1. Given the criteria in contact (Cβ under 8 Å) with a residue 12 or more places away in the chain, under 18 Å from Arg24 (Cβ atoms), open to solvent by less than 60 Å² (accessible area, probe 1.4 Å) and in contact with a Cys (Cβ under 7 Å, 6 or more places away or on another chain), does His61 qualify?
2. Of the numbered conditions (1) more than 9 Å from the ligand (Cβ to nearest atom); (2) under 19 Å from Gly111 (Cα atoms), His38 satisfies every one except a single condition; which is it?
3. How do the pairs read when you match residues in region 12-26 that are free of Cβ contacts under 8 Å to residues at least 40 places away in the same chain and closer than 19 Å to His61 by Cβ with residues anywhere that are within 13 Å of the ligand (Cβ to nearest atom) and aromatic (Phe, Trp, Tyr), using Cβ under 7 Å and keeping only pairs 6 or more apart or on different chains?
4. Would you be able to say whether some residue in region 8-18 is open to solvent by less than 80 Å² (accessible area, probe 1.4 Å), modelled with pLDDT of 95 or more, of a type in the set (A, V, I, L, M) and within 13 Å of His99 (Cα to Cα)?
5. Just checking, how many residues over region 64-93 are among the polar types (S, T, N, Q), open to solvent by less than 60 Å² (accessible area, probe 1.4 Å) and within 14 Å of the ligand (Cβ to nearest atom)?
Amino acid sequence: MTDTLFSRIIAGELPADIVHRDERCIAFRDVNPQAPLHVLVVPITPVASLADAEDCELLGHLLRVASRVAADAGYADSFRVVINNGAAAGQTVFHLHVHVLAGRPLSWPPG
Ligand code: AMP
């Protein structure tokens with residue numbers, strides 16, 4: 001996988017508003033937030049998309065961190081996680097990331 005915007009954030013080469021970091025992932029605020037809380041949880045290991053992800057333990061960890069990020073922001077009871085897989089589904093950065101959205105009513109189905 002080639003370098004992405006997110007691998008440059010992980011390397012500290014680009015600024016980000018980081019809310020969580022551990023040995024397996026980083027979480028930072030989305031630069032174009034779609035809700036009062038909009039954080040991206042990103043694995044340190046570069047994986048292009050969910051379809052390429054084979055490490056079940058890592059995937060579970062990303063979801064646990066997503067839940068913790070929402071709870072830490074005061075949204076333990078109501079938040080949404082989204083993974084866009086592929087350009088047609090809205091993926092624009094090809095480094096796997098989990099969107100965590102909260103703080104406003106979230107309608108269904110998503111667009
Ligand atoms: P996706 O469209 O699912 O690939 O999501 C990519 C997300 O990355 C979008 O919501 C962008 O707003 C966000 N984004 C792009 N560049 C940055 C950046 N430098 N810092 C934080 N978020 C970013």
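The values are calculated or read from the model by the stated rules, or taken from the named source; none is laboratory data. Small disclaimer: the values here were computed from a predicted structure and weren't measured. All Cβ positions, even for glycine, are placed from backbone atoms using ideal geometry, and neighbour counts span all protein chains on display. All accessible areas refer to the heavy atoms of the entire protein, side chains included, with ligands and DNA or RNA removed. Shrake-Rupley method; radii C 1.70, N 1.55, O 1.52, S 1.80 Å.
1. On the way: in contact (Cβ under 8 Å) with a residue 12 or more places away in the chain: yes; under 18 Å from Arg24 (Cβ atoms): yes; open to solvent by less than 60 Å² (accessible area, probe 1.4 Å): yes; in contact with a Cys (Cβ under 7 Å, 6 or more places away or on another chain): yes.
In short, yes.
2. Of the numbered conditions (1) more than 9 Å from the ligand (Cβ to nearest atom); (2) under 19 Å from Gly111 (Cα atoms), the odd one out for His38 is (1).
3. Note: pairs meeting the criteria are Ile18/Phe28.
4. No, every residue in region 8-18 fails to be open to solvent by less than 80 Å² (accessible area, probe 1.4 Å), modelled with pLDDT of 95 or more, of a type in the set (A, V, I, L, M) and within 13 Å of His99 (Cα to Cα).
5. Within region 64-93, the subset among the polar types (S, T, N, Q) is 67, 78, 84-85, 91-92.
Okay, now just the ones that are also open to solvent by less than 60 Å² (accessible area, probe 1.4 Å), so 67, 84, 91.
Adding the requirement that they be within 14 Å of the ligand (Cβ to nearest atom) leaves 84, 91.
Looking only at that region, the number is 2.
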